[in-house]
1. Would you mind telling me the antiparallel percentage of the DSSP bridges in segment 220-373, rounded to 5?
2. Give the relative contact order (percent, whole number) for the chain; include only Cα pairs under 8 Å separated by 6+ residues.
3. Nearest 10 degrees, 0 to 90: what angle lies between the long axis of helix 152-169 and the longest principal axis of the chain (Cα atoms)?
4. Going from the alpha-carbon gyration tensor of segment 15-114, what semi-axes, largest first and in whole Å, does one get by taking the root of 5 times each eigenvalue?
5. 7 Å from Cα along Cα→Cβ at both residue 200 and residue 295: what's the point-to-point distance in nm?
6. Students often get this wrong, so try it: which of (1) 24.2; (2) 26.9; (3) 30.8 is Kirkwood radius over Cα pairs in Å as calculated from the structure shown?
7. If you fit an axis through the alpha-carbon atoms of helix 313-322 and take the longest principal axis of the Cα set of the chain, what angle between them do you get, 0 to 90°, nearest 10?
8. By per-residue mean of other Cβ atoms within 10 Å, what is the highest-first order of 83-94, 116-127?
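Computed from the coordinates by the stated procedures, all read-outs in this text should not be read as laboratory data. Computed from a predicted structure; not experimentally measured. Cβ sites come from the backbone with ideal geometry, for glycine too, and all protein chains shown count toward neighbours.
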C-alpha cells in the first residue's frame, strides 16, 4: 500500500501561502519559487531573503500572527514555523477549507510532503520515504543524481519539441510511437543531443524518422529469468527490459513483487502452471509470444529462476528463431543457487561433493523415470526441481538403488522469499518430518552430505 500518491503539482502563477518567516520557511519558498508559484508569507517576523523572494514572485508579506481565515483563496498552504501549536492550527484551518497543506517535519498533519528532488528540468526525479526517513531519501537521491547526466534536460526538451511531429508521422499509432522513442534513446541521436550538437541531432533525427516510417515494425521478445523469488536477485538487465516491455507474460513462480516492477502501463498476461493444470498450454504460450512480436510489441516473458534450467526457455524461443523475430535471453539466479545459498547449503564442497546434478521431479508426460543408479553415486549433490508430490517415491527409489537411508536431504519451501523455510531430514525421515504440515510450492529438494552444513552456515544468511 502507498502512504502517499506521488503526483507532480503545477503551481505556476497560483497563490500559495507559507506561514512562518524563518530559515525553514525560506527553504520551502525557494522550491515554490522554482515552480513559479505566487508566494504569500504570513509571520510576525520575516527573514529578509524570504521577504524579497516572496515579493519578487508577485506575492505579499503580511507581518502578523496567523488566523484561520488566512487559508482561504490558496491552492496550497505550508506551515513552517517552529511552534507546534501554530503548525497544528494551520493544518486544521487548511483541512476545514479543503486546501492542501504541508506541515514541516510532521507527516501526520500533511496532505502533501516534499520529496527529495533531482532537478534536470524538464526531467524531475523525486525520492520519498513517505516522510518517515528524509535522511534516507536524500541519500538515495544522491546515489541516483550521480548517475543522471547533468544535461539530460536537453534531451527532454529535444523530445518534447518533436512529440507532435512523430505522432503525425506515425499516424498516432501508440505502439509504434513508443517503440520509436525507445529506439531513439539507444541511438547516436541521443548522444549528439547530450553533447550539445543540436544541429547534427536534428538532421540525424529527421533521417531516422523517415526510415522508420517506411519499415514494418517487428517487436522483440525478452526471455527474462526472474530468479527464485527475492526481487533483489534480479539483474540490472532484467529490470531494464522489464521497464521497456509493452506486454508481460508471467507465471505462478514469479513473485508478485517482481511482476509489479514491470512498466505500470504494460499489459500483463498470466500464463501460470500448476501440476496437471495449465492456465495456458505451452504451445499456446509459444504462439502468443510470436503473435505479439509480429504485432510490433516488446514482450517480456518472466520465468521463475533461470529460463534455461527446467524453464522451457528453449521451447519458447525455437518458434521465434524460425520466424527471425529478435529475442534476448536474460539469465536469472536459478532456484538451485538461490535456495541453497539462502539455506546455508553449498552445492559443492571439497569435503562433501565435487559435482552437482540437476534433475526434474516430473518429465513431459508427468512420469518420473529418472536415472536412479546414477543419482546414488557418492561425492555428488542431487538437486530435484518440482519433486514435492513425488517426494516419498524419490526417497524410496534412491534407497532401493543403494543410497543410505541416513543420507541428508533438504526440502526448501518458497526459497529466498520472506516465507523461506528449509525442512531438514534424511531419506528415511523427511516425509515424516513434513507430515501434517502444509508445504507450499515452489519447493526444491537437495540431497547429499552438503545438507549437513545447513546448521553451521544458515545462520550467516549468505544472501
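1. Values: 4 of 21 bridges.
Percentage antiparallel, nearest 5: 20.
2. Details: 814 pairs, mean separation 42.7, N = 463.
Contact order relative to length: 9 percent.
3. 80 degrees
4. Details: eigenvalues 67, 38, 33 Å².
Semi-axes (√(5λ), whole Å): 18, 14, 13.
5. 4.0 nm
6. (2)
7. Around 80 degrees separate the two axes.
8. Working: 83-94: 18.1, 116-127: 15.7.
Top to bottom by mean Cβ count within 10 Å: 83-94, 116-127.
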